[in-house]
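None of the figures in this text is laboratory data; all of them are computed from the coordinates on show. For clarity, every value in this text was computed on a predicted model and none was experimentally measured. Cβ placement follows ideal geometry from the backbone for every residue including glycine, while neighbour counts extend to all protein chains displayed.
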Amino acid sequence: MSHRIGIIAALSGELKPLVSDWSPQPDGAFLTQRGDAAFIAIAKGIGITRAEQAVAIAETYGSLNVMVSIGWAGGTSCGVQPGTAYEVGEVIDAGSGERYGTSAVTSSVKLVTLDHVAGREEKRQVAESFGASLVDMEAAAVARLARVRGVPFYCWKAVTDIATEDLPDFNYFLDQEKQLRTRQVAAYALTHPRYVAPLLRMGRNSKSGAEALGQALRRWIGEGRYADSNG
């Protein structure tokens, strides 16, 4: 049976290690073929709407029978480590309360999707309210679309910052396209020196986390686990 797998991220940096040898397309997607399986990876920006747009582009290559959400996430508990990729077992939409189990039946890791960047106090609340150790802004959208289409859903997230890290409010630095204005963040840090060290740590964690995501997905692809479910 042939498979077509859509891998959805928010930012290009999250995908870079995975797709380094894939074929780039004019629409921003990256393609590769492994035996009877076609993989389409794409990043279209932060947030639910952008995740939905990424899925729509992936589906222009044909109906997807497996959907995957990958990318960076904030840690909400001390049980997760920066720069590490975790396979998620359950995704929770904080807005609707909807819960989406993934096809990773052995994973107990829970992730909560918000419609904004969570600060330190909100991360604590997420951990207490949902028992979740990760928080992001996209996974629930991909999970919902996978459920609607009746296809298996997988999710991997890499931790960029621990629950107690003191970081700027990134919501102020998102443009209309929900992309992070990194130059403005850097300029802000120069006038608020207490954020310099945390932001540098976050940068290192993002790089190592993306590498960990790439390794995890390449292993998953190599093992053919996308064919384990009835996609």
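Compare the Cα positions of G71, S206, A132 along the charge dipole of the chain (+1 at Cβ of Lys, Arg; -1 at Cβ of Asp, Glu; about the Cα centre) and return the one farthest towards the positive end. Value computed over the given set: S206.
Excluding the site residues themselves, the longest part of the chain lacking any GluC sites (Glu not before Pro) in a DSSP loop with at most 14 other Cβ atoms within 10 Å is 1-97. Only the Cβ atoms of Lys and Arg (+1) and of Asp and Glu (-1) were treated as charged; on that basis the dipole of the chain about its Cα centre amounts to roughly 320 debye. Stretched out straight at 0.36 nm per residue, the stretch from E52 to T32 would grow longer than its current Cα-Cα span by 5.1 nm.
Would you work out if segment 78-132 is rounded, prolate or oblate? Take a ≥ b ≥ c from the square roots of the eigenvalues of the alpha-carbon gyration tensor; rounded if a/c is under 1.5, else prolate when a/b is larger than b/c, oblate otherwise. Before the final figure, lay out the partial values.
Details: a/c = 1.91, a/b = 1.16, b/c = 1.65.
Oblate, because a/c is 1.5 or more while a/b does not exceed b/c.
Specify the angular offset, from 0 to 90 degrees and rounded to the nearest 10, of the alpha carbon long axis of helix 48-58 from the longest principal axis of the alpha carbons in the chain. Helix 48-58 sits at roughly 30 degrees to that axis. Placing pseudo-labels 7 Å out from each Cα toward the beta carbon at S96 and A197 gives an inter-label distance of 4.3 nm. Close amide H pairs (under 5 Å, H built 1.01 Å from N) link R4 with A38, N65, V66, residues at least 5 positions away or on another chain. With 19 Å as the limit, write out which pairs from K123/K157; K110/K207; K157/K207; K16/K123 have Cα-Cα distances beyond it, or answer none. From K123/K157; K110/K207; K157/K207; K16/K123, over 19 Å: K110/K207; K16/K123. The angle between the Cα long axis of helix 196-223 and the longest principal axis of the Cα atoms of the chain comes to about 10 degrees, rounded to the nearest 10. Enter the angle in degrees (range 0 to 90, nearest 10) between the Cα long axis of helix 139-149 and the first principal axis of the Cα atoms of the chain, meaning the one along which they spread out most. Helix 139-149 sits at roughly 20 degrees to that axis.
For S20 and V148, compute 0.36 nm times the residue count separating them, minus their Cα-Cα distance, and round to one decimal in nm. Provide the component values of the computation, followed by the final result.
Values: separation 128, 0.36 × 128 = 46.08 nm, distance 3.10 nm.
Extra length from S20 to V148 when fully extended: 43.0 nm.
The DSSP beta bridges internal to the chain are antiparallel in roughly 40% of cases.
The trypsin sites (Lys or Arg not before Pro) of segment 105-157 include none that meets both criteria, a DSSP state outside H, G, I, E and B (loop) and at most 11 other C-beta atoms within 10 angstrom of the site's C-beta. Separation of segment 1-63 from segment 185-211 is 27 Å, based on Cα centroids. Per-residue extension of 0.36 nm, minus the Cα-Cα distance of R181 and Q215, leaves a gain of 9.5 nm for this segment.
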